[in-house]
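J.: Input: one structure, supplied below.
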Amino acid sequence: MSSKGQESGSAVPYSDDGRLTAELRCSAVVLRGDELLLVKHRRGHRAYWVLPGGHPRRGETAPVAVQRELAEETGLKVEASRVLFVWETVFPHDTRHIFETVFLGHLQDIGADPVSHSGLEEPRFLPIGEIHTLDLYPPIAGYLRGASKQGFRAGAPHLGNMWREMDSKGGFDFYP
């Protein structure tokens, strides 16, 4: 990555030829009744809440990354069923650019309670009607409360891994 035009040591999310080099984060909205699963993080003296999730590993699809990350962060088995929404976060001074895909997650065991496995996070189900009182990052509490009133019916399809080998004519067969 290039650091042209930036302070020494800062990360710039662009390659030397100017193309964006963004991060992908995958997370899930997991409900249990009228409660939403959130994870409390601490950075210095600041505590804040996020949707559980993380970055995919090499070769891992987004839904599989969600399932693995939720198991690691909360100890819960969750199926990532469909994409609810996508957002992007552009950090000041072009230091980071993150695209986040948020799935609707379904608990495999509705009675299970989240448990922190790393000791760094604090996963908890919290009343969705009270999330506006939390330091939620990014600030999506209003969106989540509104979407929950509609049963999270809106969403976008996740088409999965669209990689295909080239056919014998040098084209791609996207419709096997």
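J.: Through the Karplus equation 6.51 cos²θ - 1.76 cosθ + 1.60, θ set to phi - 60°, convert the phi angles of the range 38-50 into ³J(HN,Hα) values in whole Hz; use x for Gly and Pro.
T.: In residue order, the calculated couplings are 10, 10, 8, 10, 10, 9, x, 8, 9, 10, 8, 10, 9 Hz.
J.: Next question. Hey, can you grab everything whose amide H is under 5 Å from the amide H of Arg96? Only 5+ residues off in sequence or another chain; H modelled, so Pro and N-termini drop out.
T.: For Arg96, whose amide H was placed from the backbone, the distant partners under 5 Å are Phe91.
J.: Would you please put 42-49, 24-31, 124-131, 88-95 in order of how densely packed they are, using the mean number of other Cβ atoms within 10 angstrom per residue and starting with the highest? Before the final figure, lay out the partial values.
T.: Values: 42-49: 10.2, 24-31: 22.4, 124-131: 16.0, 88-95: 11.8.
Highest to lowest by the protection proxy: 24-31, 124-131, 88-95, 42-49.
J.: Compute the distribution of all C-alpha to C-alpha distances in the range 63-163, in bins of 5 Å from 0, and list the percent of pairs in each, rounded to whole numbers.
T.: 2, 10, 16, 20, 26, 16, 7, 2, 0
J.: What does the highest-first list of 137-145, 99-107 look like by mean Cβ count within 10 Å?
T.: 99-107, 137-145
Read the figures in this text as sums done on the coordinates, not as results from a lab. Keep in mind that this is a model prediction, so the values were computed, not measured. Because the Cβ atoms are built from the backbone with ideal geometry, glycine has one as well, and the counts that use them run over all protein chains shown.
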